[in-house]
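Chemist: Dropping a structure here in structure tokens format, bear with me for questions.
Each value in this text was obtained by applying a stated rule to the coordinates, not by laboratory testing. All values reported here derive from a predicted model rather than from experimental measurement. FYI the Cβ positions are ideal-geometry reconstructions off the backbone, even for glycines, and counts take in every protein chain you see.
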Amino acid sequence: MPLNPKIEQILDMIERAKRPAYHDLTAQQARASYEKSAPILEIASAPMFSVEDLEVPVRDGSTVRARLYHPVEPHWAQPVPALVYFHGGGFTVGSVATHDALCRMFARDAQCAVLSVDYRLAPEYKFPTAVDDAFDAFGWLHANAAAYAIDASRIALGGDSAGGTLATVCAVLAREAGLPVALQLLIYPGTTSHQQTDSHARLADGFLLSATTIQWFFTQYLRDANDRCDWRFAPLDGPRGAPAFGGVAPAWIATAEYDPLSDEGAAYADKLRAAGNAVALKRYDGMIHEFFKMGGYVPEVAQAHADAAAALRAAFGID
């Protein structure tokens, strides 16, 4: 299908704005740029009963910030399910603030609490810090669920782009740790270490996420070339220490037709299916990378939001 007309307008506006690409900035400048631009195309922020900023302990003795959303008043006698969400941004940009509206939407429409995790970013914190932070935050919520009126048996993992990568890895680590996961909600996840798919070749430039920017993100995040061989960076094809992928949580995977990551998302769905896991894969035609955060300008994004929320409700057993 052709590009969605509103998406085409967005790409045209970006081109005419002539703003520096992330790969022409320092990581700190890129973060500031993303923080400023992230809300522009977002949906309106849904009201919540409570929004609490927390400091979650992680394995090296530090803490990471997390934001807990409760859409309705908690009732400890009737704990609610929860989504642990990891924001996108190439492991280098993004925060709980840039994904606030999206997490509020998930909380409202999936009728669940949401813990949005501010894992530490590259290049100050290289691989595998983001992975460790993500899994530690997930484990912390499992251990402390009752204190927040959350049902520890109904916790899902989710994320977009790099956050989707973290969610895939945490789902495998959770299986190995014996921690239940209701669903992997993977929104255009990155899963490969080398960009050799057809979608990467066809969509290398001009569709928001360029090949050059992808490699710049990887340069910020990885310690050296050997990290590309670690499955925690590339769950689709990382051979070093790769576990079996059977018995992980069911997955709902969203890809975008004009996203260079589209093929690797589909290939990861195939890998999970081949290992005997339940997988739903949905490609959104006419869309580009980051489209989940463009719902304030692109009406068709509402359907993708509704699909994701419905997948969460189904996994949580909510009618």
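Chemist: Find the centroid of the Cα atoms in the range 75-114 and in the range 170-223, then give the distance between the two in whole Å.
Modeler: 19
Chemist: Could you please tell me the mean projected area of the C-alpha convex hull for the range 161-202, averaged over all directions and given in square nanometres to one decimal? Show your work: numbers first, answer last.
Modeler: Values: hull surface 13.8 nm².
Averaged projected area of the range 161-202's Cα convex hull equals 3.5 nm².
Chemist: On to the next question. Can you give me the relative contact order of the chain as a percent, contacts being Cα pairs under 8 Å and 6 or more apart?
Modeler: Numbers: 667 pairs, mean separation 61.5, N = 319.
The normalised contact order for the chain reaches 19 percent.
Chemist: When ranked by the protection proxy of mean other Cβ atoms within 10 Å per residue, highest first, what sequence do the peptides 43-49, 168-174 form?
Modeler: In decreasing order of mean packing, 43-49, 168-174 become 168-174, 43-49.
Chemist: So, one more: Need one number: nm distance between label points at residue 225 and residue 32, each 7 Å from Cα along Cα→Cβ, rounded to one decimal.
Modeler: If labels sit at residue 225 and residue 32, their model points lie 3.5 nm apart.
Chemist: Next question. For the range 46-202, what is the largest minus smallest coordinate of the Cα atoms on each principal axis, given in angstrom and ordered from greatest to least?
Modeler: 51, 34, 28
Chemist: Using the per-residue mean of other Cβ atoms lying within 10 Å as a proxy for protection, in what order, highest first, do the peptides 93-100, 207-214 fall?
Modeler: On the way: 93-100: 21.9, 207-214: 18.6.
The densest-packed peptide leads the list: 93-100, 207-214.
Chemist: What net charge is computed for the residues neighbouring residue 181, neighbours being all others with C-beta under 11 Å from the C-beta of residue 181, Lys and Arg scored +1, Asp and Glu -1? Mind dumping the intermediate values first?
Modeler: Details: positive: 154, 175; negative: none.
For residues surrounding residue 181, the net value is +2.
Chemist: A follow-up question, please. In a shell of Cβ-Cβ distance under 13 Å around residue 198, excluding residue 198 itself, what net charge do Lys and Arg (+1) and Asp and Glu (-1) give?
Modeler: On the way: positive: 202; negative: 257, 259, 263, 264.
Surrounding charge for residue 198 is -3.
Chemist: Rounded to the nearest 500, what is the chain's calculated 222 nm mean residue ellipticity when only DSSP H runs of at least 4 contribute -39500 (n - 2.57) each, over all residues? Let's see the in-between values first.
Modeler: Working: 9 runs with 112 residues, N = 319.
Per the formula, -11000 deg cm²/dmol.
Chemist: Roughly how large, in nm² to one decimal, is the mean projection of the convex hull of the alpha-carbon atoms in the range 186-319? Mind showing how you got there, number by number?
Modeler: Details: hull surface 36.6 nm².
The Cα convex hull of the range 186-319, projected and averaged over all directions, gives 9.1 nm².
Chemist: Now for a different question. Could you compute how fast the range 173-248 diffuses translationally, taking Rh as the Kirkwood radius over C-alpha pairs and applying Stokes-Einstein at 10 °C with viscosity 1.306 mPa s? Give it in µm² per second. Kindly include the intermediate steps, with their values, before the conclusion.
Modeler: On the way: Rh = 14.3 Å.
Result for D is 111 µm²/s.
Chemist: Same structure, new question: With a point put 7 Å past each Cα toward its Cβ, work out how far residue 14 is from residue 97 in nm, to one decimal.
Modeler: For the pair residue 14/residue 97, the computed spacing is 2.2 nm.
Chemist: Set the Förster distance to 51 Å, then compute FRET efficiency between residue 198 and residue 77 from the Cβ-Cβ distance, nearest 0.05. Before the final figure, lay out the partial values.
Modeler: Details: r = 53 Å, r/R0 = 1.03.
Efficiency, from the Cβ-Cβ distance: 0.45.
Chemist: If you compute Cα extents along the principal axes in Å for the structure shown, which of (1) 54, 43, 37; (2) 62, 47, 37; (3) 47, 42, 36 do you land on?
Modeler: Computed from these coordinates, Cα extents along the principal axes in Å corresponds to label (1).
Chemist: A follow-up question, please. Taking every pair of distinct Cα atoms and averaging 1/r, then inverting, what Kirkwood hydrodynamic radius in Å comes out for the range 206-273? Don't skip to the end; give the middle numbers.
Modeler: Working: mean 1/r = 0.0733 Å⁻¹.
Roughly 13.6 Å, rounded to one decimal.
Chemist: Over the range 30-107, what portion of Cα pair distances is larger than 19 Å, expressed as a whole percent?
Modeler: In whole percent, the share of Cα-Cα pairs in the range 30-107 beyond 19 Å is 46.
Chemist: Another one. Counting residues in the range 188-228 as N, plug N into 2.2 N^0.38 Å and put the Cα Rg over that result. Intermediate values should be presented prior to the final figure.
Modeler: Numbers: Rg = 10.7 Å, N = 41, 2.2 N^0.38 = 9.0 Å.
Ratio of Rg to 2.2 N^0.38 Å for the range 188-228: 1.18.
Chemist: Turning to a different aspect of this structure: Work out the length of the dipole vector of the chain about its Cα centre, built from +1 on the beta-carbon of each Lys and Arg and -1 on the beta-carbon of each Asp and Glu, and round it to the nearest 20 debye.
Modeler: Numbers: 26 positive and 37 negative charges, 32 e Å.
Roughly 160 debye, rounded to the nearest 20.
Chemist: State which entries of 126/282; 6/36; 18/282; 6/271 exceed 26 angstrom in Cα-Cα distance in the structure shown. Provide the component values of the computation, followed by the final result.
Modeler: Numbers: 126/282 32 Å; 6/36 21 Å; 18/282 33 Å; 6/271 33 Å.
Flagged as over cut-off: 126/282; 18/282; 6/271.
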